[in-house]
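Data block below; observations after.
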Amino acid sequence: MPDKRRKPEPETPRKEKLCKACGKPFKWSEKRARDWSVAKYCSKACSGYKPGERAVELETAIFELLAERGAGKTICPSEAAKLVGGTATRRDWEGLMEPARKVARELVKAGKIVVTQKGKAVDAATAKGAIRLKLK
């Protein structure tokens with residue numbers, strides 16, 4: 001008679017994954033342990049976003065806000081997200097924050113804007129925390 005003990009399920013490696021929406025790496029955590037093998041997105045904001053869905057609107061909003069401010073002035077990506085998503089509730093624009101940062105990274109690659117932190121230019125791909133956008 002065969003043994004009735006269940007075989008242990010293979011453990012999914014706890015390595016970093018890349019978010020399907022924003023492309024940033026995210027790590028395994030106890031909170032994600034149950035669904036780690038199927039996790040695709042780094043956050044709830046990214047999970048509701050289809051790549052490129054509002055990229056053109058966000059790019060236009062970034063340039064409008066920068067032109068409105070004038071030379072040498074900066075804006076926050078949240079301002080572009082609020083302009084596109086609306087400000088009735090925080091939920092309206094909060095989901096556009098990561099897409100706005102992604103559009104900003106693409107504009108940096110194209111050489112159109114600069115990403116700054118505390119007044120100094122930083123690498124857009126590795127910047128963590130609050131960033132500001134400035135025309136080149």
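The values are calculated or read from the model by the stated rules, or taken from the named source; none is laboratory data. The shown structure was predicted, so the numbers you read here are calculated from the model rather than taken from an experiment. Every residue, glycine among them, receives a Cβ derived from its backbone with ideal geometry; neighbour counts consider all protein chains shown.
Scanning the range 87-112 for residues that are in a helix (DSSP H, G or I), within 19 Å of ALA45 (Cα to Cα) and among the hydrophobic types (A, V, I, L, M, F, W, C), which turns out modelled with the lowest pLDDT?
Among them, the one singled out is TRP93.
Does VAL115 satisfy being part of a helix (DSSP H, G or I) and either at pLDDT 85 or above or in contact with an Asp or Glu (Cβ under 9 Å, 6 or more places away or on another chain) (or both)? Please lay out each step first, then the result.
Details: part of a helix (DSSP H, G or I): no; either at pLDDT 85 or above or in contact with an Asp or Glu (Cβ under 9 Å, 6 or more places away or on another chain) (or both): yes.
Criteria not met by VAL115.
Does VAL84 count as part of a helix (DSSP H, G or I), touching an Asp or Glu at 6+ places or on another chain (Cβ under 7 Å) and farther than 20 Å from CYS19 by Cβ?
Values: part of a helix (DSSP H, G or I): yes; touching an Asp or Glu at 6+ places or on another chain (Cβ under 7 Å): yes; farther than 20 Å from CYS19 by Cβ: yes.
Against the criterion (part of a helix (DSSP H, G or I), touching an Asp or Glu at 6+ places or on another chain (Cβ under 7 Å) and farther than 20 Å from CYS19 by Cβ), VAL84 qualifies.
Which condition breaks for LYS120 when tested against (1) closer than 22 Å to LYS24 by Cα; (2) loosely packed, with under 13 Cβ neighbours inside 10 Å; (3) modelled with pLDDT of 90 or more; (4) out of contact with any strand residue (DSSP E or B) (no Cβ under 8 Å at 6 or more places or on another chain)?
(1)
Between a residue in the range 93-109 that is among the polar types (S, T, N, Q) and any residue that is surrounded by fewer than 22 Cβ atoms within 10 Å (Cβ to Cβ), which pairs come within a Cβ distance under 9 Å, given they are 6 or more apart or on different chains?
Nothing qualifies.
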